[in-house]
Amino acid sequence: MTIALSKIVQNMQPSATLAMAAKAKELKASGETVYDLSLGEPDFKTPEHICQAAIDALAAGRTHYTVASGIPELKKAVVEEYQKRCGLTYAPTSCVISNGAKHALHNAFFCTLDPGDEVIIPAPYWVSYAELVKLSGAVPVIIQTDQANNFKLTAEALRQAITPKTRMLLLCSPSNPTGSIYRKEDLEALADVVLEKNLFVLADEIYDRLIYGDNKFYSFPTLRDGLQERTILVNGVSKTYAMTGWRIGWTLAPENIAKKMASLQSQETSNPCSISQYAALAAVTGDQSCVATMLAEFSKRRDYVAGRVAGIPGLSCPEMGGAFYCFFNIKEHLGRKYNGVQIDNSEQWCLELLAKKKVATVMGSAFGAEGYARASFATSMDNLAMAFDRIAEFLAE
Ligand code: PMP
Ligand code: GLU
């Protein structure tokens, strides 16, 4: 006898990014040297003063349950930081600290979507969005965007996708997986449609501090009056402070939603790790020079990767304004044989590249965009150099 799975999880897919990273780790464990560009996690150590705050929290016995929605000091620090940096005013009661931004997203969808509601998601999109929306019973409506427009959703395309069931627009700028960033006027045009059509927005701003060159970040609610009460912001410490394993993310939302998310969290997970919350507090309130140091290094890698992609015949990518991903077009290389093996899609391409050249990337199809592959440049220059040498070799074979 087998225990039947619930209907809602039957078709749920595992995270493709984590699956590729696991494949790369397996290969490494078998003794292979792998050039791993699969996972979007900073390769830097969590800065010393943040680790020290965790050690201090342990020593002070801060090892018990906290308020389920997070320690008041961290909520206060998060809202003050948003006020200072973006000019947005939130009460600490509008902030919920969760077990990573992924958990924040899940709870935000769960508290705001009903079965059948439609959520507009511009593709390419981060792998977990569509699955998390489906877990809440809602329907992801995927809109393809163009590489020629740096993979940005246009107001026109948004307008055309709206139906009476549309409830929410999901935005991620800078974007995972494309690295593209919306300009102020792009966001304003979307904001006007949002206001006119009475939509809600979930703005995932987790890459807001990883911005390159002259590009600028605009927090979505700042663009027009009336947006803050219809926007849920998600952010966290994972990317900005190289703290992926600490599992701290947060939501800033209208108070009724934040309160319900806090109740949900009190039933499902209780508080996020107490020690991690004190570490996150040190991250948000402490010396920010670590962010600039990491950004400078990411920026060099981004320029390097852009140069390598441009130098390989048949590859291209959009301008990477932020985050640490290169989403490169491999369409010219599909439908061909590599050492006798026919490769027709991005999944086959990535698996063959890993098998033959030990370079781990993630297939575009996992992000809703066939014909592309994603390379994370949150890894060393040496690793990037070897990986792109091998990609060039692979394509030449
Ligand atoms: N949103 C985006 C766009 C991401 O790339 C990630 C990466 N994991 C997350 C949310 C979740 O981050 P966290 O590690 O805080 O769960
Ligand atoms: N967000 C990162 C990525 O896209 C980490 C893995 C994940 O959570 O999906 O690679």
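Here are the numbers:
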item	result
Sum of -39500 (n - 2.57) over DSSP H runs of 4+, divided by residues of the chain (222 nm, nearest 500)	-13000 deg cm²/dmol
Angle between the chain longest axis and helix 274-285 axis [Cα atoms, degrees, rounded to 10]	80 degrees
Relative contact order (%) - criterion: Cα under 8 Å, at least six apart; region: the stretch 141-221	32 percent
Taking the stretch 99-141 and dividing mean pair separation by its residue count, relative contact order in percent (alpha carbons under 8 Å, at least six apart)	47 percent
Inter-probe distance in nm under a simple model that places probes 7 Å from Cα toward Cβ, at Asp225 and Glu48	5.0 nm
DSSP beta bridges in the chain [antiparallel fraction, %, rounded to 5]	50 percent
Percent accessible area from carbon and sulfur atoms, the stretch 67-151, protein chains only, probe 1.4 Å	56 percent
Rough spin-label spacing in nm, given labels placed 7 Å along Cα→Cβ, for Glu185 and Ala355	4.8 nm
Heavy-atom accessible surface of the stretch 241-397: percent carbon and sulfur, 1.4 Å	52 percent
For the stretch 1-73 versus the stretch 179-206, the gap between their alpha-carbon centres in whole angstrom	29 Å
FRET E, pair Asn339, Ile142, Förster distance 45 Å, beta-carbon r, rounded to 0.05	0.85
Where labels lie 7 Å past Cα in the beta-carbon direction, separation of His64 and Ala396 in nm	6.5 nm
Compactness index (Cα Rg / 2.2 N^0.38 Å), the stretch 111-155	1.25
Accessible area in square angstrom per residue, the chain, 1.4 angstrom probe	42 Å²
FRET efficiency, Glu255 to Glu196 (Cβ-Cβ, R0 22 Å, nearest 0.05)	0.35
Residue-level accessible surface for Arg62, protein heavy atoms, 1.4 Å, Å²	110 Å²
Relative contact order (%) - criterion: Cα under 8 Å, at least six apart; region: the stretch 243-397	17 percent
Cα gyration tensor, the stretch 98-236 - rounded (a/c under 1.5), prolate or oblate	rounded
Gain in span if fully extended, Gln13 to Ala385, counting 0.36 nm per residue against the direct Cα distance	130.7 nm
Cα gyration tensor category, rounded, prolate or oblate, for the stretch 265-313 with a/c compared to 1.5	oblate
Selection from Ile55, Met168, Thr89 lying farthest towards where the dipole of the stretch 53-194 points positive, charges on Cβ	Ile55
Using alpha-carbon coordinates, inclination of helix 16-29 to the longest axis of the chain, degrees	60 degrees
Using alpha-carbon coordinates, inclination of helix 184-196 to the longest axis of the chain, degrees	60 degrees
Global form of the stretch 1-125, assessed from the alpha-carbon gyration tensor, a/c cut-off 1.5	oblate
Pair-distance profile P(r), taking every C-alpha pair of the chain, with 20 angstrom steps and integer %	27, 58, 14, 0
Dipole magnitude (debye, nearest 20) for the chain, charges at Cβ of Lys, Arg, Asp, Glu	420 debye
Contour excess over end-to-end distance, with Cα ends at Thr93 and Thr269 and 0.36 nm allotted per residue	61.5 nm
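The values are calculated or read from the model by the stated rules, or taken from the named source; none is laboratory data. Keep in mind it's a predicted model, so treat the numbers as computed, not measured. No Cβ is skipped: glycine too gets one built from the backbone with ideal geometry, and neighbour counts run over all protein chains shown. The area values use the complete protein model at the heavy-atom level, side chains included, leaving out ligands, DNA and RNA. Shrake-Rupley method; radii C 1.70, N 1.55, O 1.52, S 1.80 Å.
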